[in-house]
Amino acid sequence: MSRIIELLNEEHRNIARLLDVLEHELSVFDRRERPDYEIFQAIIEYFREYPEACHHPKEDVVYQILKQRNPAVAGAVGDVEAEHALEGERLAQFAKVVDDVLADQELPRQTFHAAAQDFLEHQRRHMAKEEQLLFPAALETLTKDDWATIDARIAASKDPMFDGDTQAKFKTLYATILRWEEQTEEDRGRAAAAAATSR
Ligand SMILES: [Fe+2]
């Protein structure tokens, strides 16, 4: 398998883990307990920059080369670049409801739930589409030379300094989100145990 597709799949697995954390915190909100809003904010910060800085550019190059090699195959995959642009809008809506809650704005519970759920669902659907359509189509259609062109184009678009710093920053933020979630869950477990013994 192309190294770049391996890397994209790996990045999807990492993103999927953050979406699981988001889903879990949303389930806490849905049962009318307090979710960890700092985790929501950290996830938003991650999605605000990471996909555009490190993930989408690679997929966009794969898609562009696929379109050149075989427009019909690329057409069947759908417009990957347009979907990437839409992701930003859904993220902005989700970020807005989180900000509203934290600013004590009056907000129907359903509005919060819908914005978070919408972001979550579209992210998952979009990644599934890439995994089930774009990546297999690229692997099947592209030639060795195409992959070399893709690698060269991705390498040329990178600023090594920026790339190194950005990667490190997101690695840290990613680890922080998972650690916070673990701690929050431990605190919830302790609080539940304390409530049970005081009953
Ligand atoms: Fe992706």
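Every number in this text was worked out from the coordinates using simple rules, so none of it is lab data. Fair warning: this is a prediction, and the values are worked out from it, not measured in the lab. Glycine also receives a Cβ, built like all others from the backbone with ideal geometry; neighbour counts cover every protein chain displayed.
Observations, loosely collected:
- Listed by chain and number, the aspartates and glutamates whose alpha-carbon sits under 17 Å from that of LYS169, ignoring those within fewer than 8 places in the same chain, are GLU11, GLU45, GLU49, GLU52, ASP159.
- Cα-based reach from LYS144 at 19 Å (exclusive), listing lysines while leaving out same-chain residues under 8 positions away: LYS58, LYS67
- Per-selection Rg to Rh, segment 62-103 - Cα, Kirkwood hydrodynamic radius: 1.33
- Debye equation applied to the C-alpha atoms of segment 110-160, log10 I(q)/I(0) at 0.19, 0.24, 0.33 Å⁻¹: -0.77, -0.88, -1.05
- Counting Lys and Arg as +1 and Asp and Glu as -1 over every other residue whose Cβ lies under 11 Å from the Cβ of GLU33, the net charge comes to +1.
- For the chain, alpha-carbon Rg and Dmax in angstrom: 19.6, 69
- Coarse-grained scattering of segment 99-199 at q = 0.20, 0.23 Å⁻¹, given as base-10 log I(q)/I(0) from a Debye sum over alpha-carbon atoms: -1.20, -1.17
- Normalised per residue, the volume of the convex hull around the Cα set of segment 39-110 (Å³): 91
- Positive dipole terminus of segment 66-137, leading residue within VAL98, ALA72, HIS84 (C-beta point charges): ALA72
- Take every Cα pair under 8 Å whose residues are at least 6 apart in sequence, average their separation, divide by the length of the chain, and the relative contact order is 33 percent.
- Each Lys and Arg contributes +1 and each Asp and Glu -1, all at the Cβ; summed about the Cα centre of segment 38-158, the dipole is approximately 420 debye.
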